[in-house]
Amino acid sequence: MHIFDEYLNDENVDKRERAKLWRTSIGLQAVDNLTVSGFLIEMARKHIEGEISMDEVNKMIEEHYTQKQLRND
């Protein structure tokens, strides 16, 4: 898996750790042959960069899929 490789040698320890956690989470999805959305990747990248908190990630993902569900109903 090459996702977020650019962060694995970052001098910022927090970015490295967040990238490792996201890679693990996404890798666990792949084990079940699931793919993650581009939206999730974008949110993960913002979280790794420290632009948004994990609480904000959760909120944005929930809102995104709620809106998606409303559009599909």
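The numbers here are math on the coordinates, done by the rules we state, and not lab data. All figures in this text were calculated on a predicted structure; none of them were measured in a lab. FYI the Cβ positions are ideal-geometry reconstructions off the backbone, even for glycines, and counts take in every protein chain you see.
Observations on the structure shown:
- Cα-derived Rg over Rh, computed across the chain with Rh taken as Kirkwood radius: 1.02
- Straight Cα distances below 19 angstrom link residue 68 to the aspartates and glutamates 42, 56, with same-chain residues fewer than 8 positions distant left out.
- FRET efficiency, 1/(1 + (r/R0)^6) with R0 25 Å, evaluated for residue 67 and residue 14 via beta carbons: 0.25
- Charged side chains reduced to their Cβ positions (Lys and Arg at +1, Asp and Glu at -1) give region 16-73 a dipole of some 240 debye around its Cα centre.
- Other residues whose C-beta falls under 13 angstrom from the C-beta of residue 62 contribute a net charge of -1, scoring Lys and Arg +1 and Asp and Glu -1.
- Order of 47, 2, 64 under a 10 Å beta carbon neighbour criterion, fewest first: 2, 64, 47
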